[in-house]
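The values are calculated or read from the model by the stated rules, or taken from the named source; none is laboratory data. A quick note: this is a predicted structure, and the numbers were derived from the prediction, not measured. Cβ: placed from backbone, ideal geometry, glycine included. Neighbour counts: every protein chain shown. Note: areas computed on protein heavy atoms with side chains; ligands, DNA, RNA excluded. Shrake-Rupley method; radii C 1.70, N 1.55, O 1.52, S 1.80 Å.
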Amino acid sequence: MKKHWFLQFTFLVSSTVSLFAQSVPTDNKLTSRTDSVVHRGALVYMQHADAVGLSIGVYRNGQMRTYNYGEVKKGTGQLPTARTIGNVGSVAKTFVGVMLAKAVLDKKANLNDDIRKYLPGTYPNLTYSGQPIQLVHLANHTSGLPRSARSYPASVTDSLSKLDLVGQVAFYDRYTQDSLLRDLHQYKLDTLPGTRYRYNNNAMMVLTLILERIYGQPYEQLVTSYLQKELGMYDTKTILSPTDMKRTAQGYDGTKRQPYVNLKNFYIGPNMNSTVGDLLIYTKANLAERDPALKLSHQITWGKPDALALGLNWMIKTDPKFGRYIYHDGHTRLGFNTRCVMYPVQQTSIVILVNDTISQDRVFDLEQAIMAGLN
């Protein structure tokens, strides 16, 4: 495995950051070994000039712990909490995968179903060499669909680049389920479905569309009902209310503050907002696998775990020391980076949510440093 600067540096920081540590707000009580391991890693992360706030969740030995550092917004001195809301970026895809697993268990779908079974009209173009796209191909990024729902002319993209984030989101929010259904007629596959991995937001939105048609209800209603009733997650939502917005962290893209806006409809990709507290509940439940939908979502559907394998949107790899692990990362221009990872052998999960977009590698390295320190 690649040796990152973070892992090499984390455990040599005690003298270097002693003065810095005194200036970083935190609720870490430093009363346990886990507290100390998290603290060392967090201080390294927070030394970056553009770091703002950092929330970490650790589930280990049957206990859930959350830790917070920095600020929800620069200059306020307000510490994040386990209930501070952030956008989790592509971690949202894992919820779509779980909802597909639930549809299978509800006997409303089969993973190997031709996706055209759930689309209105005819789509003879959604095959390659006579092989159709199956539901499972949407969930493991092997559908062969184009990565973007629609290619806009250069004149449009140039105009969009001059708009702020709110203006860009408003433009893409006009792209609805009907827009996607129309564009699906224009797609031409260039590879056999199920064979080639290409990370694909568009395929996730097609799957979301199909889930809405299967259940006859909006995805927001479908997923929040499941999360609340089955897992007790009440702070995880695709759309935030005005009251929810009062608990959001300020996201930063570099040093630029980004407005926190609700992402809707069918162009940008799956959306989810959550808290470190809820994500820790989510990863704990995934480790337990008592919920049948969560267990099914871990079933390998493509690849090999010693390199890279896919479940239903979850990514699966094998660490030489810790064995198989299940994970997903998230990055969003709203100004957040996220990592959720579960280690079944150690029955340990680590969740990280930061309101900066400095580098996803830094979040990965922080998680790896914590896991190494705990073991």
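Among the residues of the stretch 235-256, is there at least one that is more than 16 Å from residue 92 (Cα to Cα), among the polar types (S, T, N, Q) and at pLDDT below 95? Yes: the stretch 235-256 contains one or more residues that are more than 16 Å from residue 92 (Cα to Cα), among the polar types (S, T, N, Q) and at pLDDT below 95. The set of residues in the stretch 215-236 being buried (at least 21 other Cβ atoms within 10 Å of the Cβ) and of a type in the set (S, T, N, Q) consists of 236 alone. Return yes or no: is residue 361 open to solvent by 10 Å² or more (accessible area, probe 1.4 Å) and in contact with a Lys or Arg (Cβ under 6 Å, 6 or more places away or on another chain)? Here the answer is no, as residue 361 does not meet what is asked. In the stretch 45-62, the residues that are part of a strand (DSSP E or B) form Cβ pairs under 6 Å with partners that are small (Gly, Ala, Ser), at six or more places apart or across chains, as follows: 53/70; 53/249; 54/42; 54/70; 59/349.
The number of residues in the stretch 176-190 being within 23 Å of the chain's Cα centre (by Cα) and either more than 19 Å from residue 115 (Cβ to Cβ) or free of Cβ contacts under 8 Å to residues at least 12 places away in the same chain (or both) comes to 0. Of the helices (runs of 4 or more DSSP H) lying entirely inside the stretch 80-176, those containing at least 1 residues that are touching a strand residue (DSSP E or B) at 6+ places or on another chain (Cβ under 9 Å) and open to solvent by less than 50 Å² (accessible area, probe 1.4 Å) are 92-105, 135-139, 165-172.
Restricting the stretch 280-304 to residues that are in contact (Cβ under 8 Å) with a residue 12 or more places away in the chain and of a type in the set (Gly, Ala, Ser) leaves a set whose member that is surrounded by the most Cβ atoms within 10 Å (Cβ to Cβ) is 297.
Would you confirm whether or not the stretch 305-320 contains a residue that is within 21 Å of residue 194 (Cα to Cα), part of a loop (DSSP other than H, G, I, E, B), touching a Leu at 6+ places or on another chain (Cβ under 7 Å) and open to solvent by 10 Å² or more (accessible area, probe 1.4 Å)? No, the stretch 305-320 contains no residue that is within 21 Å of residue 194 (Cα to Cα), part of a loop (DSSP other than H, G, I, E, B), touching a Leu at 6+ places or on another chain (Cβ under 7 Å) and open to solvent by 10 Å² or more (accessible area, probe 1.4 Å).
None of 46, 64 is within 22 Å of residue 342 (Cβ to Cβ), modelled with pLDDT of 95 or more, of a type in the set (A, V, I, L, M, F, W, C) and surrounded by fewer than 24 Cβ atoms within 10 Å (Cβ to Cβ) except 64. Among the residues of the stretch 237-265, those identified as over 17 Å from residue 99 (Cα atoms) and open to solvent by less than 20 Å² (accessible area, probe 1.4 Å) are 240, 244, 249, 251, 252, 258. Answer yes or no as to whether residue 275 is open to solvent by less than 10 Å² (accessible area, probe 1.4 Å) and either closer than 17 Å to residue 63 by Cα or of a type in the set (S, T, N, Q) (or both). It is true that residue 275 is open to solvent by less than 10 Å² (accessible area, probe 1.4 Å) and either closer than 17 Å to residue 63 by Cα or of a type in the set (S, T, N, Q) (or both). The C-beta contact set for the stretch 258-272 (first residue among the charged types (D, E, K, R), second residue modelled with pLDDT under 95 and open to solvent by less than 40 Å² (accessible area, probe 1.4 Å), distance under 7 angstrom, 6+ apart or interchain) comprises 264/173. Just to check your reading of the model, which residue among 370, 358, 300 is in contact with a Ser or Thr (Cβ under 9 Å, 6 or more places away or on another chain) and β-branched (Val, Ile, Thr)? It is 370. Restricting attention to the stretch 328-369, the residues that are aromatic (Phe, Trp, Tyr) and either in contact with a Leu (Cβ under 8 Å, 6 or more places away or on another chain) or part of a strand (DSSP E or B) (or both) add up to 2. Per this entry, residue 199 is not counted among residues that are open to solvent by 50 Å² or more (accessible area, probe 1.4 Å), touching a residue at least 24 places away in the same chain (Cβ under 8 Å), in a loop (DSSP other than H, G, I, E, B) and farther than 25 Å from residue 183 by Cβ.
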